[in-house]
Every structure is written in C-alpha cells, then in structure tokens.
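Take a look at the structure set out below.
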Amino acid sequence: MPRVIIPMPFQGPTRGQREIKVEGETIRECLEAVDAEYTGFLPQVVREDGAVQRFVKIFVNREQIVDGNLDTALDIDDEVEILAAVGGG
C-alpha cells in the first residue's frame with residue numbers, strides 16, 4: 001500500500017499520525033483515502049477546485065510533482081510526502 005507522509009502542521013485531523021498507509025492508485029485517491037479516515041485533512045492539501053493548495057508541495061519517492069498532477073499513478077510501495085511551506089516576512 002502507498003504511504004502518505006503528513007507534515008506536523010497538517011497532523012491535527014490525523015490526530016498526530018505522521019505516516020498513513022492507504023489504498024489508492026493515484027496521489028488523489030491516496031489523499032482522499034486519508035481524508036475518508038481523518039475528516040478535515042484533504043482541504044489542507046487540495047483546494048475546492050481540485051488543485052494543490054498554494055503553499056503545499058507534494059513529492060513521490062522524494063521527487064517533487066512539479067505540475068501538481070494529483071492523478072499521477074502510484075505503485076503499491078510508493079511514498080507520497082506532503083511538504084507544508086512556511087511563509088514569513
């Protein structure tokens with residue numbers, strides 16, 4: 001099963017879970033599976049229009065998904081890591 005790595009700022013809905021194994025064939029399906037178990041997770045990562053939130057980066061096996069294509073296919077042993085960019089001024 002693919003693993004989704006959750007950054008500390010997004011662990012509220014996951015009740016502190018940092019790594020969650022889910023079933024899914026795409027990044028989107030995996031993120032939706034996390035949200036199905038931990039309601040409130042998905043809006044932190046994905047906007048209502050289906051695009052990745054502005055200050056979020058997604059990596060699969062440590063390679064950034066540059067175009068934000070959440071329909072990228074995954075293998076069973078892939079790791080999806082979410083990075084919450086920190087802004088400052």
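The values are calculated or read from the model by the stated rules, or taken from the named source; none is laboratory data. All figures in this text were calculated on a predicted structure; none of them were measured in a lab. Positions of Cβ are backbone-derived with ideal geometry, glycine not excepted, and every protein chain shown enters the neighbour counts. Ligands, DNA and RNA are stripped out before the accessible areas are found, and what is left, the full protein with its side chains, is counted by its heavy atoms. Shrake-Rupley method; radii C 1.70, N 1.55, O 1.52, S 1.80 Å.
Assorted remarks:
- Near the amide H of Gln53, within less than 5 Å, lie the amide hydrogens of Val46, Arg47, all on another chain or at least 5 residues away, with H placed in the peptide plane.
- Backbone HN-Hα couplings from phi across the stretch 7-16 [Karplus 6.51/-1.76/1.60, Hz, Gly and Pro as x]: x, 3, x, 9, 7, x, x, 8, 6, x
- Ordering Met8, Met1 by accessible surface, largest first, gives Met8, Met1; the 1.4 Å probe counts only protein heavy atoms, with every chain in place.
- Here the chain has 47 percent of its accessible surface on carbon and sulfur atoms, given a 1.4 Å probe and all protein chains in place.
- Antiparallel content of DSSP bridges confined to the chain, in %, to 5: 80
- Average accessible area per residue (Å²) across the stretch 10-89 - probe 1.4 Å, nucleic acids and ligands excluded: 64
- Cα gyration tensor shape for the stretch 26-68, rounded if a/c is under 1.5, else prolate or oblate: oblate
- Coil-residue trypsin sites (Lys or Arg not before Pro) of the stretch 12-41, DSSP, other Cβ within 10 Å capped at 14: Arg15, Arg18
- Estimated inter-spin distance, Thr39 and Asp67, nm [label 7 Å along Cα→Cβ]: 3.5
- Computed helical MRE - 222 nm, the chain, DSSP H runs ≥ 4 contributing -39500 (n - 2.57), nearest 500: -4500 deg cm²/dmol
- For semi-axes √(5λ) of the Cα gyration tensor in Å, the candidate list reads (i) 23, 15, 13; (ii) 18, 15, 13; (iii) 21, 13, 12; the entry that matches the value derived from this model is (ii).
- Using the Cβ of Phe41 as centre and a radius below 15 Å, the other residues enclosed give a net charge of -1, where K and R count +1 and D and E count -1.
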